[in-house]
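The values are calculated or read from the model by the stated rules, or taken from the named source; none is laboratory data. Since the structure is predicted, the reported quantities are computational estimates derived from the model, not experimental observations. Neighbour counts are summed over all protein chains in view; Cβ atoms, including those assigned to glycine, are modelled from backbone coordinates with ideal geometry. Protein only, heavy atoms only, side chains kept; ligands, DNA and RNA dropped before computing areas. Shrake-Rupley method; radii C 1.70, N 1.55, O 1.52, S 1.80 Å.
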Number of protein chains: 4
Amino acid sequence: MRRIEDFREIIDNYEVVFFDAFGVIKNYGGLVPGIEKTFDYLEEVGKEYYIVTNDASRSPAQLAESYHKKGLTAIAADRVISSGMLTKEYLDLKVDEGIVAYLGTEDSAHYIDSSGLHTLPVSAINDDNIDSVNALVFLDDEGFDWFSDLNRAVNILRRRNIPAIVANTDKAYPLSVKDVSIAIGGLAGMVENIVGKKFIRFGKPDSQIFMFAYDLIRDYRPINKTEIVMVGDTLQTDILGGNKFGLDTVLVLSGNTLPADAQTRMTSTGIVPTYVCDTAVIK
Amino acid sequence: MRRIEDFREIIDNYEVVFFDAFGVIKNYGGLVPGIEKTFDYLEEVGKEYYIVTNDASRSPAQLAESYHKKGLTAIAADRVISSGMLTKEYLDLKVDEGIVAYLGTEDSAHYIDSSGLHTLPVSAINDDNIDSVNALVFLDDEGFDWFSDLNRAVNILRRRNIPAIVANTDKAYPLSVKDVSIAIGGLAGMVENIVGKKFIRFGKPDSQIFMFAYDLIRDYRPINKTEIVMVGDTLQTDILGGNKFGLDTVLVLSGNTLPADAQTRMTSTGIVPTYVCDTAVIK
Amino acid sequence: MRRIEDFREIIDNYEVVFFDAFGVIKNYGGLVPGIEKTFDYLEEVGKEYYIVTNDASRSPAQLAESYHKKGLTAIAADRVISSGMLTKEYLDLKVDEGIVAYLGTEDSAHYIDSSGLHTLPVSAINDDNIDSVNALVFLDDEGFDWFSDLNRAVNILRRRNIPAIVANTDKAYPLSVKDVSIAIGGLAGMVENIVGKKFIRFGKPDSQIFMFAYDLIRDYRPINKTEIVMVGDTLQTDILGGNKFGLDTVLVLSGNTLPADAQTRMTSTGIVPTYVCDTAVIK
Amino acid sequence: MRRIEDFREIIDNYEVVFFDAFGVIKNYGGLVPGIEKTFDYLEEVGKEYYIVTNDASRSPAQLAESYHKKGLTAIAADRVISSGMLTKEYLDLKVDEGIVAYLGTEDSAHYIDSSGLHTLPVSAINDDNIDSVNALVFLDDEGFDWFSDLNRAVNILRRRNIPAIVANTDKAYPLSVKDVSIAIGGLAGMVENIVGKKFIRFGKPDSQIFMFAYDLIRDYRPINKTEIVMVGDTLQTDILGGNKFGLDTVLVLSGNTLPADAQTRMTSTGIVPTYVCDTAVIK
């Protein structure tokens, strides 16, 4: 592990940069101050970049728009790769017909629409249509009643032997300096534990999201894994996943991993990034 | 393992009978038909019995009353031993002062009242009183708003390094022939998983509830573990816990374990009762 | 899920077939009787196929040779994709210099040789060279002394904060009709549990081995995931992994999953293949 | 949590003291220096004490003798309560006849001898006597060949649906300042994971060992849980178990928990002792 002072030094050594979103580019208060300088520099020197995020609550277009509203206009929708996109690919490839029931907002459900499939909130599943439900997707922690719909999700999965897909593996996300909020990955873990079946999870640290991004690049140019660097604030997702996929990795200390804890956490987990850098903001 | 036709044969061989409640004495529809014959017989032959239950939603008095309403008038409050009683003992012994925050109904909170402690629902905890919260108790899946109060419970446990007590280890309970409901043990497991701390769990299969019952008996008479039999419908709680405590055990097939699955489940879990009997109803 | 009588029917619908090895092509007694007919047919109709295996005990060349010795001469080394190859890719990309310590036979270590790295058995690590150890790899359950070398592996990982790579996720493998043997994945799980660090695992059900095979094909021809079918005998590895990667899947009943248990296991795990077929032998 | 300077202050407030052995009274180098002063003081003021240990490798008499040899002559065999004693109680109560197979030394097996049972090492189990094996006990990490006997243990448990008892829950134990050794609890966890059955574990933090000690005291005098204090060096076993049983607890910093880590570990685990004291040696 090498300590790097200026993030620019890292950029200069790679062809493509993968960024985690939360804790790297933005936090609960808005953008990480100064982060637009990094994206200006990337444009200037003509480096490619992608946002590789476990946020499945909105479509890439909506996620890009949310950056624009915050003042980071550089990020286009086609630069955003979310675990929700892998969920959509799964449904396209593996579920032919019938109803896909979901837990999440209408927005989150919109972009998993797949031809031939009917997307319905869990609350709309009843004795009349349950036999047509061919998949259940955990998309977002909002948009449904936790008591009635989590119980309903458990019983759908007891009655129907169908795939359950978790579009976001995160258990919780920061809500403010002090507080967190339970994420859909946390709720899905409880349901999985209760029904005793094996769920399918997309999102870092799983390799499939990195491959999705890697394939997007290879569609228009040759690239080698050694030319890509993954930047993230969380050892267990960004760094572990990037390492395993064979990428160099940067741990930044602007989010989940505090400067005071970084060394202890690397030692206790055994997850070590290629570099540690205070922030992804260039100097 | 011995297959027994008439439950009476088992009773005749022991001094004391421990019964699980759900799936043995009652189910979602009311009493197990004919079960009052068993309790009449116990009275007649002068055998002692206890209901040893993971139900922490109500006090022993309220639980006994619920049997009376259903027509089983034999069961007195002092025959009911619940995991909630161990929670109360823990608070009495280990928490001296301040607030005990809880998730559950007001009824469930009533009987954990302990001298010197102030019992408050999680929804009543705020920035003004959070520093006085000295324990958090998971009592029942009802009586609170899942979205706001589960998030609140997570954040209380992140800010306060206090014991979290789970008064019911069950993950789900049957609601009807087809459906189950998520139990407080399932919700607590999710919160534990998110905050990463070690919770304290009371209830079968943990030995402490068996010891509580065993001690109650020894208060007024000598008894040996070989003279007690535990009757339950669930291998992972009633039978595993009874076996480990050193008791003989009876698996009845009137609840969680269906006659068609009994052998497969014993083989796959390695949990084997002393006897298997269709029902706790005597012939 | 569709029940298929003749495996030929499945072959005819896909461009490429991925086969698991153990329980599909061979078992403890040798080849699955008649399996050469399937490979003759694949040659005849010009379908591509790959053996996708969690066996990291030998190189692809040695694995291919072992088929030849058993009489299945069709399988060339370049058709064999093992989790050991991903381990080698990881070392090539992520470990620059120093010693790679391993648990396994010399044969298993041979093919993870990577330029610039020095491969040494765990038994050869001592106070003089431990500071140069930059990775520890779990390759095979044979070739070392379990008592001394498992203890040594634990202590290497306590002293050095380095990646631990598990080249085979399987916990056990069949040794005869009745008995199994503990596999290196089982031993690695124990060591991981004791040192409390996060290990990197390659092999089904993880997606990365499927990507590796998928990329090999795409190097010389265009292919779509819908044109590939994965054939395996184990729900938790072959079928779960294939499904998640977006492939159609075939469960064969000639190995880990017995005909009598197939339905129960699909229901209890929630893992459902596209097809179930008695065997990969064509009629 | 209160910080206490002199351990004597704690002794003075309780009727009975429970001591963990390793890290409190002794360590890999011998006795904790000065610890005999503590036991002299206990004698002097007439306080009772017990050694409550997860060490099942030897009988209480042999454990006491090992203290005598090290110069701590105060400790009599009847003051030692080990998880092995609970294993013996289990066998006495729950296994009537046949063979008890074990992993461990002959010494460790000697004291689980139970009338009517035949105790045999796992290595002595074969096709002729396997059908008489009615329990398998994990006693010690020494006294057997790890490769052949761990594999044998797995296959015994696959063929016989019998209880597997783990007499020591510890995963590892310290061997020197720098190194640890895998304990029988770690090996048992691997076997349990592979065979997929539910094992029975005795030893801290489980309540049953505390009950056993508590019952021993009550056999000859009345005692209240508030009059007992548990002293240990490990949060996850001594302190968690003592707290749950309702005892006051002391974390000493002479073993597993280093002074520099104590606060971090209490915060990350949520396990908080009543007192923290550098050592159990009085001043």
Restricting attention to the stretch A:207-220, the residues that are under 15 Å from A:R79 (Cβ atoms) and basic (K, R) number exactly 0
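From the list B:P259, B:P174, which one is surrounded by fewer than 21 Cβ atoms within 10 Å (Cβ to Cβ), more than 13 Å from chain D (Cβ to nearest Cβ) and either in contact (Cβ under 8 Å) with a residue 40 or more places away in the chain or at positive phi (or both)? Let's see the steps before the verdict.
Values: B:P259 fails: either in contact (Cβ under 8 Å) with a residue 40 or more places away in the chain or at positive phi (or both).
Exactly one of B:P259, B:P174 is surrounded by fewer than 21 Cβ atoms within 10 Å (Cβ to Cβ), more than 13 Å from chain D (Cβ to nearest Cβ) and either in contact (Cβ under 8 Å) with a residue 40 or more places away in the chain or at positive phi (or both), namely B:P174.
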Of the residues in the stretch B:128-160, those that are open to solvent by less than 50 Å² (accessible area, probe 1.4 Å) and more than 14 Å from chain A (Cβ to nearest Cβ) come to B:N129, B:V133, B:N134, B:A135, B:L136, B:V137, B:L139
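Here is a list: A:L247, A:L251, A:L240. Which entry is open to solvent by 10 Å² or more (accessible area, probe 1.4 Å) and in the same structural domain as A:A21 (by TED's automatic domain parsing)? Steps first, answer last, please.
Values: A:L247 fails: open to solvent by 10 Å² or more (accessible area, probe 1.4 Å); A:L251 fails: open to solvent by 10 Å² or more (accessible area, probe 1.4 Å).
After ruling out the rest, the residue left standing is A:L240.
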Considering residues that are in contact with a helix residue (DSSP H, G or I) (Cβ under 7 Å, 6 or more places away or on another chain) and not in a loop (DSSP other than H, G, I, E, B), the number found within the stretch A:64-78 is 2
Restricting the stretch A:177-188 to residues that are hydrophobic (A, V, I, L, M, F, W, C) and part of a loop (DSSP other than H, G, I, E, B), the one nearest to the other protein chains (Cβ to nearest Cβ) turns out to be A:A183
When B:D215 is run through (1) assigned to a helix (DSSP H, G or I); (2) of a type in the set (D, E); (3) touching a residue at least 12 places away in the same chain (Cβ under 8 Å), the failure sits at (3)
Within the stretch D:79-93, residues in contact (Cβ under 8 Å) with a residue 24 or more places away in the chain and in a helix (DSSP H, G or I) come out as D:R79, D:S83, D:G84, D:M85, D:L86, D:T87, D:K88, D:E89, D:Y90, D:L91
Checking the structure you have, find out if any residue of the stretch C:240-252 is at the interface with another protein chain (Cβ under 9 Å from one of its Cβ atoms), aromatic (F, W, Y) and part of a helix (DSSP H, G or I). yes
Every listed condition ((1) of a type in the set (S, T, N, Q); (2) surrounded by fewer than 23 Cβ atoms within 10 Å (Cβ to Cβ); (3) away from chain D (no Cβ under 12 Å)) holds for B:T234 save (2)
Residue hits (the stretch D:33-75; open to solvent by less than 40 Å² (accessible area, probe 1.4 Å), small (G, A, S) and under 19 Å from the mean Cα position of the chain (by Cα)) are D:A56, D:S57, D:S59, D:A64, D:S66
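Find the residue count for the stretch C:22-76, including only residues that are of a type in the set (S, T, Y) and touching an Asp or Glu at 6+ places or on another chain (Cβ under 6 Å). Steps first, please.
Filtering the stretch C:22-76 for residues of a type in the set (S, T, Y) gives C:28, C:38, C:41, C:49-50, C:53, C:57, C:59, C:66-67, C:73.
From what is left, the residues that are touching an Asp or Glu at 6+ places or on another chain (Cβ under 6 Å) are C:57.
Summing the residues that are of a type in the set (S, T, Y) and touching an Asp or Glu at 6+ places or on another chain (Cβ under 6 Å) in the stretch C:22-76 gives 1.
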Looking across the stretch C:104-126 at residues that are hydrophobic (A, V, I, L, M, F, W, C) and under 20 Å from the mean Cα position of the chain (by Cα), the single one that is modelled with the lowest pLDDT is C:I112
Discussion item. Taking the criterion of being assigned to a loop (DSSP other than H, G, I, E, B), more than 23 Å from D:A135 (Cβ to Cβ), more than 11 Å from chain D (Cβ to nearest Cβ) and open to solvent by 10 Å² or more (accessible area, probe 1.4 Å), would at least one residue in the stretch B:189-208 satisfy it?
Written reply: no
When every residue in the stretch C:270-281 that is open to solvent by less than 20 Å² (accessible area, probe 1.4 Å) and within 7 Å of chain A (Cβ to nearest Cβ) is compared, the one farthest from A:L157 (Cα to Cα) is C:I271
*asked:* It is to be established whether one or more residues within the stretch B:115-122 are among the hydrophobic types (A, V, I, L, M, F, W, C), surrounded by fewer than 19 Cβ atoms within 10 Å (Cβ to Cβ), touching a residue at least 24 places away in the same chain (Cβ under 8 Å) and in a loop (DSSP other than H, G, I, E, B).
replied: no
By residue number, the members of the stretch B:99-114 that are hydroxyl-bearing (S, T, Y) and part of a strand (DSSP E or B) are B:Y102
Filtering the stretch A:1-27 down to residues that are in contact with a Lys or Arg (Cβ under 8 Å, 6 or more places away or on another chain), open to solvent by 20 Å² or more (accessible area, probe 1.4 Å) and not acidic (D, E) yields A:R8
All conditions in (1) in contact with a helix residue (DSSP H, G or I) (Cβ under 8 Å, 6 or more places away or on another chain); (2) more than 8 Å from chain B (Cβ to nearest Cβ); (3) surrounded by fewer than 24 Cβ atoms within 10 Å (Cβ to Cβ); (4) modelled with pLDDT of 95 or more are true of D:T264 except (4)
If you go through C:Y28, C:Y90, C:Y41, C:Y67, the only one that is among the aromatic types (F, W, Y) and assigned by TED's automatic domain parsing to the domain that holds C:D145 is C:Y90
Exception for C:Q236 within (1) farther than 15 Å from A:I200 by Cα; (2) free of Cβ contacts under 8 Å to residues at least 60 places away in the same chain falls at (1)
Within the stretch B:209-229, restricting to residues that are under 19 Å from D:F210 (Cα atoms) and either among the hydroxyl-bearing types (S, T, Y) or buried (at least 18 other Cβ atoms within 10 Å of the Cβ) (or both), the one that is farthest from the other protein chains (Cβ to nearest Cβ) is B:A213
In the set D:S123, D:S148, D:S132, the lone residue that is farther than 21 Å from D:R201 by Cα, of a type in the set (G, A, S), assigned by TED's automatic domain parsing to the domain that holds D:G196 and in contact with a strand residue (DSSP E or B) (Cβ under 7 Å, 6 or more places away or on another chain) is D:S132
